[in-house]
Amino acid sequence: MHHRAMSRTKSVVISLSAMSLLAFGWAHAATPTSKLTVDTTKSGAVIDRNIFGQFAEHLGTGIYGGIWVGTDSKIPNTNGIRNDVVTALKAIKVPNVRWPGGCFADEYHWEKGIGKGKRPVTLNSNWGGVIEPNTFGTDEFMEFTRQVGTEAYVSANVGSSTPQETAEWLEYMTSEKETSLAMARRENGHPAPYSVAFLGIGNESWGCGGNMTPEHYTDEYRQFSTYAKNYNPAQTGDKRMKKVASGANVDDYNWTEVFMKNKSGDVDALSLHYYSGFEAWPPYQPASGFDETEYAKVIKTALRMEDLVSKHSAIMDKYDPQKKIALAVDEWGAWYKGEPGTNPGFLYQQNSQRDAILAAVSINIFTRHADRVRMANIAQMINVLQAMILTDGDKMILTPTYHVFKLYVPFQDATVIPVTYEAGTYTRGGITLPRADIIAARGKDGKVYLSITNIDPTQPLEIDASVLGLKAKSATGETLTAPKIDSINTFDNPNVVTTKAFSATARNGSLILKVAPESVTVVSLD
Ligand code: AHR
């Protein structure tokens with residue numbers, strides 16, 4: 001599968017790159033140059049801001065410690081939620097947060113997580129077998145979304161629950177009438193109905209979510225969806241709650257085929273889960289302290305997303321040519337071996353410049369499929385897998401991946417502008433990758449934005465950009481660079497990988513942008 005995916009990626013990229021291939025012979029003698037054409041007279045699909053979604057599961061310290069510290073904590077908090085984390089998340093304009101799982105969602109019973117009294121204590125059987133105190137439940141999650149200014153993507157339990165339990169959860173969250181459940185919400189401090197922007201119906205129903213066949217899941221979806229009603233009077237029209245069906249694992253195209261063929265009722269999105277970073281289970285790659293060959297291997301796994309999204313989309317096209325149903329890549333990111341000394345069930349891993357490159361190339365793939373991929377959720381937001389934020393007690397650091405999400409804020413709801421470019425190639429340890437990965441879009445502010453990723457950690461890259469339809473004199477923005485490809489931010493050294501100002505000017509009508517090795521650069525054109 002890897003070989004097939006790789007040859008496809010190469011054929012797409014290398015066809016754009018004849019000149020760079022010619023230049024490859026002198027690549028070591030001079031900075032490689034890549035010609036880029038940005039055609040601002042044309043436009044593509046809108047990049048749905050929801051592709052920058054996050055995922056927060058009851059797993060390790062993703063919720064407890066990472067978000068929730070409780071009102072009695074010495075860590076500065078508002079209603080029990082860490083202030084530092086909220087401030088950092090606001091800066092990346094998180095569009096939605098998927099909660100409470102993951103695998104956890106299909107064992108979660110929402111009524112245990114509400115109320116002012118002592119809540120039942122349960123087991124988190126999926127993730128380390130630890131105690132789940134249920135102190136962070138629906139009302140705390142909604143308070144968190146309020147503080148961050150993001151939308152709620154709630155995952156309903158299909159695997160070990162009933163349509164009635166989901167229906168009652170929605171009634172608790174969204175009804176304005178004086179039903180007992182809505183009154184309970186009022187007593188718990190929230191008189192107004194909550195907004196539930198997205199409802200996931202099951203998670204990985206082929207695995208931890210019930211080990212179902214696609215045929216069985218499709219029937220379950222129909223049944224759960226029938227009773228999954230949102231009563232919030234404000235959620236009509238465009239604001240209607242969108243339903244996300246549990247989709248395929250990686251390249252299980254049969255799952256997509258069966259669901260799309262047999263679905264009925266309202267389906268707004270079908271999910272896809274794909275993690276990069278490992279070729280065999282369990283993940284063995286360390287998150288830091290790796291060499292360049294390991295870097296190339298991991299980025300190759302990330303680029304496989306192109307093949308997966310293309311093939312799942314092609315199946316969806318057969319049954320939904322108007323692309324009404326989105327492909328929601330609602331779990332993606334790098335999954336490495338847990339940090340030494342941590343609970344393996346907590347999936348706690350460091351985050352390096354490699355992850356920044358991985359995030360950028362993955363987001364770029366989503367934008368190239370913006371007509372179908374209208375939601376994606378990186379796994380996971382805090383302290384778990386490819387996190388934005390790591391915390392340790394009262395300390396917090398921002399990861400290289402966080403900085404990529406910050407750089408990409410102008411791409412939220414921007415309109416794709418077509419680009420053609422010579423990607424060139426970078427080869428290490430027998431693995432060949434494209435050197436450059438570039439996208440462009442017109443932001444909501446009307447400006448033209450470019451994102452340039454130099455995958456090559458050995459050489460800078462000079463982009464010679466012709467901008468059609470715009471007399472661009474300069475480009476200004478920020479670049480994310482690092483001393484080494486495995487550089488990380490730590491609690492002692494939190495700013496090893498961080499952004500700095502970047503600018504470029506025009507020469508003979510072209511913009512010349514020289515970017516550093518292993519870097520991600522976002523600029524606006526003036
Ligand atoms: O993100 C960690 C886990 O990966 C999720 O709980 C599950 O859905 C997936 O297998």
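The values are calculated or read from the model by the stated rules, or taken from the named source; none is laboratory data. Treat the numbers as computed from the prediction; the structure is a model and nothing was measured. Note that we place each Cβ from the backbone using ideal geometry, even for glycine, and neighbour counts take in every protein chain shown. The accessibility values were calculated without ligands, DNA or RNA, using every heavy atom of the protein model including side chains. Shrake-Rupley method; radii C 1.70, N 1.55, O 1.52, S 1.80 Å.
Before moving on, here are some points about what is shown:
- Ignoring lysines fewer than eight residues from LYS74 along the same chain, the ones with Cα atoms less than 28 angstrom from its Cα are LYS90, LYS93, LYS112, LYS116, LYS118, LYS395.
- Proximal aspartates and glutamates to LYS261, defined as alpha-carbon separation beneath 13 angstrom and excluding residues fewer than eight positions away on the same chain: GLU215, ASP219, ASP317, ASP320
- Checking the Cα-Cα distances for LYS300/LYS473; LYS444/LYS484; LYS35/LYS300; LYS35/LYS297 against a 29 Å cut-off, the pairs over it are LYS300/LYS473; LYS444/LYS484.
- Using alpha-carbon coordinates, inclination of helix 292-319 to the longest axis of the chain, degrees: 60
- Net charge of Cβ neighbours under 14 Å - reference GLN54; Lys, Arg +1; Asp, Glu -1: +1
- Gyration tensor (alpha-carbon) shape descriptor, the chain, a/c threshold 1.5: prolate
- Here's the list of lysines a cross-link from LYS263 could span, going by alpha-carbon distance under 29 Å and ignoring same-chain residues fewer than 8 apart: LYS229, LYS239, LYS242, LYS243, LYS311, LYS318, LYS323, LYS324.
- Taking trypsin sites (Lys or Arg not before Pro) across the stretch 169-215, the ones in a DSSP loop with at most 16 further Cβ atoms lying within 10 angstrom of their Cβ are LYS177.
- Computed from backbone phi with θ = phi - 60° and the Karplus coefficients 6.51, -1.76 and 1.60, the 3J(HN,Hα) list for the stretch 435-442 is 7, 10, 9, 10, 9, 9, 7, 9 Hz; x is used for glycine and proline.
- Calculated mean residue ellipticity, 222 nm, the chain: -8000 deg cm²/dmol, from DSSP H runs (n ≥ 4) at -39500 (n - 2.57) each, averaged per residue and rounded to 500.
- For the set ARG222, ARG119, solvent exposure ranked by accessible area (probe 1.4 Å, protein chains only) runs largest to smallest as ARG222, ARG119.
- Of the trypsin sites (Lys or Arg not before Pro) in the stretch 54-125, the ones in a loop by DSSP (not H, G, I, E or B) with at most 11 other beta carbons within 10 Å are LYS74, LYS116, LYS118.
- Each Lys or Arg adds one and each Asp or Glu subtracts one; over the other residues with Cβ under 14 Å from the Cβ of GLN235, this totals -1.
- Between helix 253-262 and the chain: long-axis angle, C-alpha atoms, 0 to 90°, nearest 10: 50
- Euclidean distance between Cα centres, the stretch 499-516 to the stretch 276-307, Å: 31
- Ranking GLY424, VAL361, SER175 by Cα position along the charge dipole of the chain, where only Lys, Arg, Asp and Glu carry charges on their C-beta atoms, puts GLY424 farthest toward the positive end.
- Our analysis of the stretch 70-145 gives Rg over Rh at 0.98, with the two radii drawn from alpha carbon positions and Rh computed by the Kirkwood formula.
- Accessible surface area normalised per residue over the stretch 48-414 is 34 Å², counting heavy atoms of protein chains with a 1.4 Å rolling probe.
- Pairwise centroid distance, computed over Cα atoms, of the stretch 184-255 with the stretch 54-118, Å: 20
- Neighbour-limited loop hits for trypsin sites (Lys or Arg not before Pro), the stretch 302-346 (at most 14 other Cβ within 10 Å; DSSP other than H, G, I, E, B): LYS323, LYS324
- Backbone phi angles across the stretch 267-282, fed through the Karplus curve with coefficients 6.51, -1.76 and 1.60 (θ = phi - 60°), yield HN-Hα couplings of 10, 9, 7, 10, 8, 9, 10, 8, 9, 9, x, 9, 10, 9, 9, x Hz in residue order; Gly and Pro are listed as x.
- Carbon + sulfur, % of accessible area of the stretch 48-414 - ligands and nucleic acids excluded, 1.4 Å: 52
- Close amide-amide hydrogen proximity is noted between ILE47 and ASP413, ALA414, THR415, VAL416, each under 5 Å apart and 5 or more residues distant or on a separate chain (H modeled in the peptide plane; Pro and chain starts excluded).
- Built amide H within the under 5 Å cut-off of GLU518, gap 5+: ASP456, THR458, GLN459
- When exposed loop sites are taken as GluC sites (Glu not before Pro) in a DSSP loop with at most 15 other Cβ atoms within 10 Å, the longest stretch of the chain clear of them is 280-526.
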